Amino acid sequence: MHQLSSLKGRSLVEPEDFTLEEMELLFSLAEKIEKEENYLRDSCRGKLLAALFFEPSTRTRLSFEAAMLRLGGSCFGFAEPGSSSASKGESLADTIRMAASYADTIVMRNPKEGAALLATQYSTVPVINAGDGGHHHPTQTLTDLLTIKRLHGNIENITVGFCGDLKFGRTVHSLAKALARYNNIKMIFISPSELVLPEYIKNMFKKQNIEFTERENLEKSMPEIDVLYMTRVQRERFFNEDDYIRLKDTYVLNTEKMAAGKEKLIVLHPLPRVNEISIEIDADPRAAYFAQAKYGMYVRMALLASILGVLC
Ligand code: CP
């Protein structure tokens, strides 16, 4: 029996659904898959993944599909709701019932907070949350944690700076909550006052005595940070275009700001990026966001193999 057999048949709605030990085992499995080209190849032959994307995606959808194909399984689904019967008024519950009757697992992105949890209530197969509005994005968190582990060596005793849209950024919400479970993590939340971290997360951290500060200045914070998590100001979450235009270029990571950073700094970004990281930074060895996106495929391979029970 593989140690990850506990994940067989389980859904993933938010990072806390898995124990730290389960996540560590997933990271070890992802590392093995990365290093041994044929490891688990064809292990999911005959298995089907339904990819239901009610919002645009490049990395999450393509890396899930690549992961399933590399494991020998197959994928079907839609990349925008206009091509599904949701556009004719079908409820999410009915769409999920259908997909669950055709597939062995479902990965879903939806603009509504709580949609993934709702999907688990109507699905007879595991549901993986690929992002529900401004709420959670747990497989991005697995990707982020694996990247920190691989590039920093471990996930403890670090200062993590989150910068940009911390209000609507589901990747920030999921990663910050996940990091709070590790030892000696300090978090610095850098944002304009309009885009600060939601109160419910800050209250949770206060109750748990998690060390965090909120600031508006990125440049002055740079010397303290081990992992800088840049984020995009998300046009699609704003009600007002003028507010978006006013805030979208608040932070731009450029060579001057990087000069104030540590030698061993790691710069992450869930991507897509717009203007918040200058392209000149791509050549800096501390820029890890493209490597991060690749780790996402390996950890999604590990996740699919685990929940589909092919390791047992
Ligand atoms: N990181 C992420 O979720 O990227 P996509 O929106 O391209 O899937």
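The values are calculated or read from the model by the stated rules, or taken from the named source; none is laboratory data. These figures come from a predicted structure and were not determined experimentally. Backbone-built Cβ (ideal geometry, glycine too); neighbour counts: all protein chains shown. Note: accessible area is taken over every heavy atom of the protein model, side chains too, but ligands, DNA and RNA are not part of it. Shrake-Rupley method; radii C 1.70, N 1.55, O 1.52, S 1.80 Å.
The set of residues from segment 224-275 being among the hydrophobic types (A, V, I, L, M, F, W, C), more than 21 Å from Leu145 (Cα to Cα) and more than 16 Å from the ligand (Cβ to nearest atom) comprises Phe238, Phe239, Ile245, Leu247, Val252, Leu253, Met258, Ala259, Ala260.
Residues to consider are Phe53, Phe76, Phe27; find the one that is open to solvent by 20 Å² or more (accessible area, probe 1.4 Å), of a type in the set (Phe, Trp, Tyr) and either more than 16 Å from the ligand (Cβ to nearest atom) or touching a residue at least 60 places away in the same chain (Cβ under 8 Å) (or both). Steps first, answer last, please.
Working: Phe53 fails: open to solvent by 20 Å² or more (accessible area, probe 1.4 Å); Phe27 fails: open to solvent by 20 Å² or more (accessible area, probe 1.4 Å).
Sole residue among the options that is open to solvent by 20 Å² or more (accessible area, probe 1.4 Å), of a type in the set (Phe, Trp, Tyr) and either more than 16 Å from the ligand (Cβ to nearest atom) or touching a residue at least 60 places away in the same chain (Cβ under 8 Å) (or both): Phe76.
Quick one: would you say Asn154 is surrounded by fewer than 24 Cβ atoms within 10 Å (Cβ to Cβ) and farther than 28 Å from Tyr244 by Cα? Considered against the rule, which asks whether it is surrounded by fewer than 24 Cβ atoms within 10 Å (Cβ to Cβ) and farther than 28 Å from Tyr244 by Cα, Asn154 comes out as yes. Note on segment 56-73: residues that are in a loop (DSSP other than H, G, I, E, B) and either buried (at least 24 other Cβ atoms within 10 Å of the Cβ) or more than 9 Å from the ligand (Cβ to nearest atom) (or both) amount to 3.
Here Arg109, Arg45 are screened, and the one residue that is in contact (Cβ under 8 Å) with a residue 12 or more places away in the chain, outside any helix (DSSP H, G or I), over 19 Å from Pro138 (Cβ atoms) and of a type outside the set (S, T, N, Q) is Arg45. In the set (1) assigned to a helix (DSSP H, G or I); (2) of a type in the set (D, E, K, R); (3) within 24 Å of the chain's Cα centre (by Cα), the condition left unmet by Lys220 is number (3). Every condition in (1) in a helix (DSSP H, G or I); (2) crowded, with 21+ Cβ neighbours inside 10 Å; (3) not hydrophobic (A, V, I, L, M, F, W, C) is met by Ser101 except one, and the failing one is (2).
Where residues in segment 107-121 are more than 16 Å from the ligand (Cβ to nearest atom) and more than 14 Å from Ala86 (Cβ to Cβ), which of them is surrounded by the fewest Cβ atoms within 10 Å (Cβ to Cβ)? Ranking the candidates gives Gln121 first. For first residues located in segment 196-208 and free of Cβ contacts under 8 Å to residues at least 60 places away in the same chain, partners that are open to solvent by less than 70 Å² (accessible area, probe 1.4 Å) and hydroxyl-bearing (Ser, Thr, Tyr) and lie 6+ apart or on another chain with Cβ distances below 8 Å form the pairs Leu197/Ser191.
Test Glu214 against the stated conditions and say whether it is modelled with pLDDT under 95 and either closer than 28 Å to Phe27 by Cβ or not in a loop (DSSP other than H, G, I, E, B) (or both). Quick ask: steps written out before the conclusion?
Details: modelled with pLDDT under 95: no; either closer than 28 Å to Phe27 by Cβ or not in a loop (DSSP other than H, G, I, E, B) (or both): yes.
Taking the combined requirement at face value, the residue does not satisfy it.
Among the residues making up segment 209-246, those that are among the acidic types (Asp, Glu) and open to solvent by 40 Å² or more (accessible area, probe 1.4 Å) are Glu211, Glu214, Glu216, Glu219, Glu224, Glu236, Glu241, Asp242, Asp243. In segment 175-191, the residue that is farthest from Met230 (Cα to Cα) out of those that are open to solvent by less than 10 Å² (accessible area, probe 1.4 Å) and touching a helix residue (DSSP H, G or I) at 6+ places or on another chain (Cβ under 7 Å) is Ala178.
Taking the stated definitions as given, is Leu146 over 16 Å from Met230 (Cα atoms), open to solvent by less than 10 Å² (accessible area, probe 1.4 Å) and either of a type in the set (A, V, I, L, M, F, W, C) or not in a helix (DSSP H, G or I) (or both)? Yes, satisfied.
For Ile281, the conditions (1) more than 16 Å from the ligand (Cβ to nearest atom); (2) closer than 22 Å to Val160 by Cα; (3) open to solvent by 10 Å² or more (accessible area, probe 1.4 Å) are fulfilled apart from (3).
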